[in-house]
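In what follows, a structure is listed as structure tokens, so that the remarks can point back to it.
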Amino acid sequence: MTTPSSSPSAAPPDAPAIRIGALVPLTRPGWVEAGRHMLAGLELAVHDVNAAGGVAGRRFELVVRDTAADPGRATAAVDELAGLGVAALAGEYHSVAARAAAARADALGLPFLCSSAVLDALTEQPTDWVARLAPPQSRGWRIYADFLIGAGHRRIAVAAEPGVYWASGTRILRDRLAPRGGTVIDLDARALSPAAVCDALVGHHTTALLLLVGFPEPAVPIVRSVRRDPRLAGLMTGAPAGQPEFAEWMALLGEDGAAIPFLRYLPERLTPLGACVGSALRSRLAEAPSFVAFEGYDTMLVLAEMLRSHGADRSRIAASWRHVAVDGTRGRIRFLRTPGVSVWQWASAPVQVVDRDPAEPGRFRILHASEGNT
């Protein structure tokens, strides 16, 4: 594998490790499979950095805390990790937990590179303490809306649960679709049974259903009901939040889980580093790595380079986002200030709309893609 470069300067043999706090959902109600993939990426990058000589001769070390997708646990973890003296924070998949972690990191003056959460406003006010690799929700979900229009869908139902992430996604879709003749019909997934969802889809003459709900409940029973209702044979079911990316989706749904378009954050072709990392991740995970695993790897790659260039002082790290230029697994990473986004943002992160091929569910079909700003 091509390993990250090490600094020519060396630290004393007894120099302490540079510690990075990792926030990862490892227990329910967090999405455990996503957390497992993220942690695999974080850990592999740490291994590779250390194998290449560490950071100025000092070892890289992860201090992992489970957020379980809970904002309170995420906040408490940030407090604990700050007290342990970590140089920075990394990780988090769930937007609500990431937002809580970002707010606390901003208040404490602790740099946080968020790997995977997408809410545009991770903090209430613009901050230099937080940066993000994943594209903001407004960009990714606009691309998904463009895919829907391009596929001929104008009457689109959204089965949603309460929550800031789902509400934000619905608003983005509606704002993007309305000027082009698209209509978004709200269905309360908390109040309606799967059978009632099917009845509502028929009654509203919808051509697409988007699942803005938790996994496995109620996503799995809704998909099963829709796929087995003969009245809805021509309906497209979509899951923009990315649930079908993971093996558990197909394990629970079988053939019903294929041909459901979702967002994932990979380019059409990985970089040479990405191809090597992908093979190593597959060995670690004993399955194909998701885009979340690559996000984890890139997170630590960026932090390692920042620490080499600017040292482990928290204030210097926070002041250096604008200077980052790192060749990651999915492209060259640079952070910019993006309108409407409160944190430093990798503005050109790749975005795809893909689904699983019904003829070969282990293969993903690229339906729509954007590798620049949209």
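The values are calculated or read from the model by the stated rules, or taken from the named source; none is laboratory data. Since the model is a prediction, treat every value here as computed from it, not as a measurement. Here the Cβ positions follow ideal geometry from the backbone for every residue, glycine too, while neighbour counts run over all protein chains shown. To get the accessible areas, we keep the full protein, side chains included, count just its heavy atoms, and leave off ligands, DNA and RNA. Shrake-Rupley method; radii C 1.70, N 1.55, O 1.52, S 1.80 Å.
Taking the accessible area of the chain, probe 1.4 Å, and keeping the other protein chains in place, the carbon and sulfur fraction comes to 52%.
Going through [x] 42; [y] 22; [z] 28, the figure that equals percent of Cα pairs over 33 Å apart as computed for the structure here is [z]. Taking every C-alpha pair closer than 8 Å and separated by at least 6 residues, the mean separation divided by the residue count of the chain gives a relative contact order of 19 percent. Comparing Val197, Val292, Val78 in a Gaussian network model of the chain where C-alpha atoms under 10 Å apart are linked, the largest mean-square fluctuation is found at Val197. Modelled spin-label separation between Asp79 and Arg154, with each label point placed 7 Å from Cα along the Cα-to-Cβ direction: 5.5 nm. Across the stretch 42-58, rounded Karplus estimates of 3J(HN,Hα) from the backbone phi angles (6.51 cos²θ - 1.76 cosθ + 1.60, θ = phi - 60°) give 4, 5, 5, 5, 4, 4, 5, 4, 5, 5, 8, x, x, 10, 6, x, 9 Hz, Gly and Pro being marked x. For the chain, a crude dipole built from +1 on the beta carbon of Lys and Arg and -1 on the beta carbon of Asp and Glu, taken about the Cα centre, is about 640 debye to the nearest 20.
Phi angles across the stretch 148-160 convert, under the Karplus curve 6.51 cos²θ - 1.76 cosθ + 1.60 with θ = phi - 60°, into 3J(HN,Hα) values of 4, 5, x, 8, x, 8, 10, 10, 10, 8, 10, 8, 10 Hz, Gly and Pro given as x.
Overall, the stretch 234-374 carries a charge dipole of about 720 debye about its Cα centre when +1 sits on the Cβ of Lys and Arg and -1 on the Cβ of Asp and Glu, all other atoms neutral. By how many nm would the segment from Ala325 to Ala191 grow when fully extended, if each residue of separation counts as 0.36 nm and the alpha-carbon distance is taken off? Stretched out fully, the Ala325 to Ala191 stretch lengthens by 43.5 nm. Local charge for Val78 was computed over the other residues whose Cβ lies under 11 Å away, with Lys and Arg +1 and Asp and Glu -1, and equals -1. Helical content of the chain, expressed as a calculated mean residue ellipticity at 222 nm, amounts to -12000 deg cm²/dmol (DSSP H runs of 4 or more residues, -39,500 (n - 2.57) each, divided by residue number, nearest 500). Electrostatic tally near Phe335: other residues with Cβ closer than 11 Å to its Cβ, Lys and Arg +1, Asp and Glu -1, net +3.
A 1.4 Å probe, protein heavy atoms only, puts the accessible area of Glu217 near 130 Å². Taking each residue as 0.36 nm, the span from Arg282 to Arg363 lengthens on full extension beyond its C-alpha to C-alpha distance by 27.7 nm. Largest GNM mean-square fluctuation among Gly30, Gly278, Gly163, using the chain with Cα springs under 10 Å: Gly163. Length available on full extension from His47 to Ser315: 0.36 nm per residue minus the Cα-Cα distance, which gives 93.9 nm.
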